[in-house]
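Got a structure here, written out as structure tokens. Questions coming.
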Amino acid sequence: MRIKEKINLDYEGLKKYGPINIVAFGDSVTHGAVGAGEIFYDTVFHERLRQKILAVRNYVPVNVINAGIGGITAKVSIDRIDSQVLCHHPDLVIVCFGLNDVTRPLEDYIDSLRVIFEKCSAVCDVIFLTPNMLNTYSADDTEEKYKNYSIETAEIQNSGRMDTYMEAAVKLANDMDIPVCDCYKKWKELSKTQDTTMLLANRINHPTREMHELFAQSLFEMIFDGETAKTENESTMIRK
């Protein structure tokens, strides 16, 4: 049962099928990291998505499991799929890797995504959420201990390496019939008129809290495609 169908469950349906369970599977952006040493769980994109779903109809509970870990790659995360993702019996898994994978071989990234897509799509809906852009220059206010890293990530972005990884990942998802919420493409569009490095809280790879709204709204629109709740909220009074 898809989320846009499950959101309309009545009392009997809720007893039979239970709440909506979403697992967000990714790296530091999914984890909730913003500035250096800062993690905010209440502003991360999947929490914003949860609130958007509940704003449409709050009778059916929405549980979001945060399976993001800062600094991790898709390859390392393969071993986490059963114990940290599928064990929660998700209705939807949002997969978002790439920011750390881009420093590793492309083959590792694509092969790992393939395994993740295969295992998750066998039991529930999956969306591949492409990440934000990296910084395009080393900003003056970048924390000193990350200066050298910011130079490296700017080169990765400006050289087209990040573009290559995202294009390959999107192609894989399309070939496997995995829906793609292409927020990387939206960031690229923003970069034509805005300084996207200033949209990164740590000036390297973590979006500001406000920019998580782009991910959340894009996911919400993709999941429901203009179709949301069609029934009134059920009563929560005790039933005989």
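Residue by residue through the range 42-64, note down the ones that are polar (S, T, N, Q) and closer than 12 Å to Phe220 by Cβ. So that I can check it myself, show each step before the final result.
Going through the range 42-64, the residues polar (S, T, N, Q) turn out to be 43, 51, 58, 63.
Gln51, the sole residue that qualifies.
Given Gly70, Gly37, which one is open to solvent by 10 Å² or more (accessible area, probe 1.4 Å), in a loop (DSSP other than H, G, I, E, B), more than 30 Å from Glu12 (Cα to Cα) and touching a strand residue (DSSP E or B) at 6+ places or on another chain (Cβ under 7 Å)?
When all the criteria are applied, what remains is Gly70.
Which members of the range 173-197 meet the condition of being farther than 18 Å from Arg114 by Cβ and touching a Lys or Arg at 6+ places or on another chain (Cβ under 8 Å)?
Correct list: Thr197 only.
Among the residues of the range 3-34, write down those that are in contact with a strand residue (DSSP E or B) (Cβ under 8 Å, 6 or more places away or on another chain), part of a loop (DSSP other than H, G, I, E, B) and more than 24 Å from Arg80 (Cα to Cα).
Ile7 - this is the single residue of the range 3-34 that is in contact with a strand residue (DSSP E or B) (Cβ under 8 Å, 6 or more places away or on another chain), part of a loop (DSSP other than H, G, I, E, B) and more than 24 Å from Arg80 (Cα to Cα).
Restrict the check to the range 86-98 and report whether at least one residue is within 21 Å of Asn63 (Cα to Cα), in a helix (DSSP H, G or I) and without any contact (Cβ under 8 Å) to a residue 24 or more places away in the chain.
Yes, the range 86-98 has at least one match.
While we're on this one: Counting only residues that are among the β-branched types (Val, Ile, Thr) and modelled with pLDDT of 95 or more, give me the helices (runs of 4 or more DSSP H) lying completely in the range 160-240 with at least 2 of them.
It comes to 161-175.
Considering each of Ser138, Ser150 in turn, give the residue that is touching a Ser or Thr at 6+ places or on another chain (Cβ under 6 Å), at pLDDT 95 or above and within 18 Å of Ser28 (Cβ to Cβ).
Ser150
Moving to a separate point now. Quick one: which residue in Val60, Val93 is buried (at least 21 other Cβ atoms within 10 Å of the Cβ) and more than 16 Å from the chain's Cα centre (by Cα)?
Selected residue: Val60, the only one of Val60, Val93 that is buried (at least 21 other Cβ atoms within 10 Å of the Cβ) and more than 16 Å from the chain's Cα centre (by Cα).
The values are calculated or read from the model by the stated rules, or taken from the named source; none is laboratory data. Source: prediction; values computed, not measured. Backbone-built Cβ (ideal geometry, glycine too); neighbour counts: all protein chains shown. Quick note on the areas: whole protein, heavy atoms, side chains included, nothing else; ligands and nucleic acids left out. Shrake-Rupley method; radii C 1.70, N 1.55, O 1.52, S 1.80 Å.
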